[in-house]
Amino acid sequence: MLTRLGAPRRRAATALAITVGLVAAAALAGCYGQLDYKGSQTKANETACGAEDCHPGAVSAQAASVHEGLPCELCHKGTGPEHGKDPKKVIATTDWTVQSCNPCHAGEVETYLYDDNAQVGPFGGSQRIPPQPKVATFPEYKTIVAGHPFSRDYNEEGAHKFMLEDHYETTRGKFETCVQCKSSKIAYAWKEGKPVRVAAEQEITLTHTATQGVPPRSVKIPAGTTLTYATDPLTRLVDAKATLPDGTVYTSKPQPSEDATLSNNMIWASTIAAIKDTWPYGAGCNHCHDPHTGADRLLRQAMLQSIEGTGGPKGAGGVNPYAAEPSKEVSAASARDRRILACAQCHVEYTCGKSAIDRNDRDAYGWSKAADLHDVYTKQFGYQQDWRNAIIGQPLIKNQHPETELYWNSKHYEAGASCSECHMPEVRRGGKTFRSHWMTSPYKYGNAQRFAAFAAATKLDASAAKSPCATCHEDRTAQGVAQQRAFYAAQGAVEKLLAASVTQLGAVRAAGKDTGADYAAALEAHRRAHAIWENLAVSENSMGFHNFEECMTSMAEAKKQVDTALATEKKLLGK
């Protein structure tokens with residue numbers, strides 16, 4: 001039977017904090033650590049902070065929650081009497097590290113920070129040392145995305161604990177917009193419109209500036225540098241600024257006379273300098289859990305704007321825009337959908353960062369399935385949001401990680417399962433049961449050797465191990481692997497055809513025949529096939545498992561489209 005969570009709290013208008021019934025509410029229902037703050041100690045602590053007079057909503061919300069009695073200084077440094085007397089002079093800071101939750105939630109913290117650097121099953125895994133290039137799985141990928149930075153640096157993903165470090169170290173171009181998924185501090189600042197300050201001088205390596213034989217450049221970001229972030233809800237254009245102590249301002253919207261590359265590098269480097277304290281994970285407990293109340297919340301502004309605004313294939317928004325009656329209110333959505341949204345803050349296809357075509361910095365969720373993306377991005381951005389394929393000279397879509405969109409309306413979705421049932425099963429430690437925060441493949445939880453190593457490293461009860469599949473039915477790992485292999489074979493056929501289509505479109509371009517109705521038809525068919533294939537085969541992380549039936553149907557459509565493209569291209573070339 002699937003675990004159900006209670007109804008979420010309503011959003012508090014003063015704080016704009018969305019609280020939803022996500023997966024770990026049960027784990028937060030009582031501290032099993034060593035903290036014990038009561039009575040006069042708590043009252044003195046609240047008084048020092050100014051209580052409700054200075055922090056309307058926060059103090060009273062905490063007092064009515066499972067975090068009742070915990071002192072402000074547990075998560076905020078500098079909240080003593082001196083701060084209460086002169087808050088502008090004695091500034092309190094927020095502890096964004098997972099260690100602030102560790103005294104009560106050591107199990108969640110330790111499982112979150114665990115990694116085995118291993119692969120179980122034929123695809124994916126979290127092996128990052130040595131790196132596992134995607135091109136080993138998709139040999140035609142460099143042709144299909146020719147000219148995109150992903151063609152030179154694209155490896156299998158590491159564990160969640162390395163998300164910020166892996167972002168920092170990639171040699172691809174990097175943008176402050178992307179950091180919202182790698183840092184709770186930046187996601188919160190973006191959503192709430194609050195500035196972020198660099199606490200101490202940091203030297204940041206611009207790893208993406210390295211070239212063959214030439215090491216990457218570095219920049220020093222001075223203490224006191226202030227960052228602000230905003231996204232226009234209609235155009236999806238980003239307005240980010242880094243203001244140095246000397247008054248120098250770098251903006252994501254530089255004037256033609258300004259150095260756009262310098263501005264981009266300084267905003268990104270300043271953003272990284274402001275979150276070095278959360279290395280290497282970046283996204284902490286308070287990305288999904290309200291630190292004042294223990295209730296759960298969503299920070300990713302672009303996702304909330306898609307839900308409440310015009311996201312999805314019909315432009316009508318919705319928690320799941322493919323539901324029979326999509327809800328635009330998170331609080332009115334099903335418990336399953338609310339749990340899924342915690343992961344959907346990052347595990348989605350999005351347009352994030354500067355376009356290589358029009359140089360605009362965007363932050364937008366496609367919020368649509370692979371088969372609809374071509375039409376959605378044509379209407380919304382005119383295909384200007386990503387890059388031009390270097391061989392065909394035309395814009396294409398560069399997909400990200402669309403696990404959420406694929407999972408919508410799948411068999412497991414319809415059965416009521418959320419991401420957590422498979423990727424965050426219940427575990428035991430010291431007689432207490434809680435959700436594991438090692439958000440990894442269910443194949444690993446069902447593998448005796450891998451689970452034993454995990455349990456030993458995080459002090460879990462190894463005897464409580466079981467495959468997540470067994471919660472609802474018998475272990476079907478073998479069936480899952482068989483489906484993955486079938487989908488891999490289907491996508492492989494399309495991959496070869498797409499590479500051939502890129503080559504032929506390049507020949508059409510070289511022959512000067514890249515105009516007219518036939519060329520437009522060939523290009524559109526190629527684009528539709530590309531959007532489906534790269535989304536479901538390469539960018540999505542389950543190799544078809546999250547929605548096998550949809551993957552096979554969509555890949556058949558991709559083959560139909562690329563066959564049409566190839567036939568029209570041959571006609572243009574006189575073959």
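Computed from the coordinates by the stated procedures, all read-outs in this text should not be read as laboratory data. Source: prediction; values computed, not measured. With ideal geometry, Cβ positions are generated from the backbone for all residues, glycine too; neighbour counts draw on all protein chains shown.
Listed cross-link partners Lys134/Lys185; Lys142/Lys354; Lys354/Lys575 are compared with a 32 Å cut-off, the Cα-Cα value being larger for Lys354/Lys575.
Given 0.36 nm per residue, what is the gain on full extension from Glu325 to Ala493 after removing their alpha carbon distance, in nm?
56.8 nm
Ala517 to Thr261: extension gain in nm, 0.36 nm per residue of separation minus the Cα-Cα distance? Roughly 88.4 nm would be gained on extension. Straight-distance candidates among the lysines for linking to Lys89, with alpha-carbon spacing under 20 Å and chain neighbours fewer than 8 residues away dropped: Lys77, Lys194.
Panel values: the stretch 340-438, Kirkwood radius from alpha carbon pairs, Stokes-Einstein at 10 °C and 1.306 mPa s, translational diffusion coefficient 101 µm²/s. Cβ-Cβ distance of Glu557 and Lys89, R₀ of 41 Å, FRET efficiency by 1/(1 + (r/R0)^6): the value works out to about 0.05.
Here the simple spin-label model places points 7 Å from the Cα toward Cβ, and for Glu73 and Asp232 these points are separated by 4.7 nm. Listed from fewest to most Cβ neighbours within 10 Å, the set Thr211, Thr79, Thr310, Thr143 follows the order Thr211, Thr310, Thr143, Thr79. Seen from every direction in turn and averaged, the convex hull around the alpha carbons of the chain projects onto 27.3 nm². Counting other Cβ atoms within 10 Å as a rough exposure proxy, the listed residues Trp533, Trp367 run Trp533, Trp367 from fewest neighbours to most. If only the Cβ of Lys and Arg carry +1 and only the Cβ of Asp and Glu carry -1, the dipole of the chain around its Cα centre is close to 460 debye. Counting charges near Tyr154 (Lys, Arg +1; Asp, Glu -1) among other residues having Cβ under 15 Å from its Cβ returns a value of -3. Helix 260-273 and the longest principal axis of the Cα set of the chain meet at an angle near 40°.
Could you sort the peptides 67-77, 342-352 by per-residue average Cβ neighbour count (10 Å cutoff), highest mean leading?
342-352, 67-77
Residues of the stretch 413-435 with an amide N closer than 11 Å to a point placed 7 Å from the Cα of His473 along the Cα-to-Cβ direction: 415. Placing pseudo-labels 7 Å out from each Cα toward the beta carbon at Ala200 and Leu573 gives an inter-label distance of 6.0 nm.
Which FRET efficiency, nearest 0.05, do Lys276 and Arg485 yield, Cβ-Cβ r, R0 45 Å? Walk me through the intermediate numbers first.
Values: r = 42 Å, r/R0 = 0.94.
With a Förster radius of 45 Å, E is 0.60.
Centroid-to-centroid, using Cα positions, the stretch 450-525 and the stretch 379-448 are 12 Å apart. For Lys191, the lysines whose Cα falls under 19 Å of its own Cα, not counting residues fewer than eight places away in the same chain, are Lys182, Lys241, Lys328. Compared with the dominant principal axis of the Cα atoms in the chain, helix 548-572 is inclined by about 40°.
With the convex hull drawn over the C-alpha atoms of the stretch 442-575, the volume per residue is 120 Å³. Sorting Ile204, Ile357 by the number of Cβ atoms found within 10 Å of their own Cβ, with the fewest placed first, yields Ile357, Ile204. Using the alpha-carbon atoms, what tilt in degrees (0 to 90, nearest 10) does helix 516-533 show relative to the longest principal axis of the chain? Between helix and principal axis, roughly 40 degrees. Across the chain, C-alpha contacts under 8 Å between residues 6 or more apart give a mean separation that, scaled by the residue count, equals a relative contact order of 15 percent. Estimated translational diffusion coefficient (Stokes-Einstein, Kirkwood radius over Cα pairs, 37 °C, 0.692 mPa s) of the stretch 159-287: 220 µm² per second. The GluC sites (Glu not before Pro) of the stretch 174-220 meeting both criteria, a DSSP state outside H, G, I, E and B (loop) and at most 15 other C-beta atoms within 10 angstrom of the site's C-beta, are Glu201. At 7 Å along Cα-to-Cβ for each site, give me the label-to-label distance between Ile357 and Arg152 in nm. With each label placed 7 Å out from Cα toward Cβ, I get 2.2 nm. Taking amide hydrogens as placed 1.01 Å from N in the peptide plane, the amide H of Leu298 sits under 5 Å from those of Ile18, Val20, each at least 5 positions away in sequence or on another chain. At a Cα cut-off below 19 Å, give the lysines reachable from Lys570, other chains included and same-chain residues fewer than 8 away excluded. Straight-line reach from Lys570, under 19 Å: Lys496, Lys513, Lys559, Lys560. Counting only Cα atoms, I'd like the Rg/Rh figure for the stretch 73-216, Kirkwood definition for Rh. In the stretch 73-216, Rg relative to Rh is 1.06. Between Asp375 and Asp461, the contour length at 0.36 nm per residue exceeds the Cα-Cα span by 26.0 nm.
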